1. Grab the Cα-Cα distance for Lys114 and Thr81, subtract it from 0.36 nm times how many residues apart they are, and report the gain in nm with one decimal.
2. How charged is the neighbourhood of Ser175? Take every other residue with its Cβ under 14 Å from the Cβ of Ser175, and add Lys/Arg as +1 and Asp/Glu as -1.
3. How much net charge surrounds Asp42 when only other residues with a Cβ under 13 Å from its Cβ are counted (Lys, Arg +1; Asp, Glu -1)?
4. Would you mind giving the three semi-axes, in whole Å and largest first, of the ellipsoid equivalent to segment 67-129 according to its Cα gyration tensor?
5. Label-point separation (nm) for Leu179 and Ser46, each offset 7 Å from Cα along Cα-to-Cβ?
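What follows is calculated from the coordinates using simple rules that are stated; it is not laboratory data. Every value quoted in this text rests on a predicted model; they were computed, and no experiment measured them. Virtual Cβ from ideal backbone geometry, glycine too; neighbours counted across all protein chains shown.
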Amino acid sequence: MVPRHANAPSRTTRWRRCLGVVAVALFSLGTAHSARIPRFEDSRVSAIYRGQVKPPEFGDPAQYSGSSDLRCFGGDPKEYTSEHPNFAGHFVIGACTCGSGCHYLFMWDARTGKFYRQFPVGPINVGPYESAATAPPGIVYEGEQYRIDSTLLIIEGCVEDTCDCATRSYNWVGSRFLLILKLPVRMPARCLK
């Protein structure tokens, strides 16, 4: 029999520690499962509109303040009738630039022309942040992801002029977006100072 060092844990203590580690790991898996990443397949629509796209009802151009707003919404709405639904069965999502790496989303109902300008995060920056020479390399976020057959909208980036950077998952619930999950992402260096 090999003599045991006085400070070494006993066999029983080692087993208890091992069981504790396994219990924590199983609990973590259960917690991670409850905050499951949303999938497009989980938010399917029942029908996809295939009719003529109505132009968006932008309203009076005088209500738009910035040059990017006028560039996006000040023209003839009929120019938008060649678009096709690309979100939640009958909506068209478009993007308007607000500078390098910055844009904001807008949407309209292809059946009625109803215009939705206010998205939950407003203007979003997707990068690039820093240069490729910095360590770690520069960040470019995914931006937005959506599908014609789903009510799920995923937006990855930073809210303009903030360090509120995340991957946000929203579900369209008839007249508004409902936040269902927000996950942190790698932060630009300027946010870590």
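1. Values: separation 33, 0.36 × 33 = 11.88 nm, distance 1.31 nm.
Residue separation times 0.36 nm, minus the Cα-Cα distance, leaves 10.6 nm.
2. +2
3. Values: positive: Arg36, Arg39, Arg44, Arg147; negative: Glu41, Asp149.
Around Asp42, the surrounding residues sum to +2.
4. Values: eigenvalues 94, 40, 19 Å².
Square roots of five times the eigenvalues give 22, 14, 10 Å.
5. 3.0 nm
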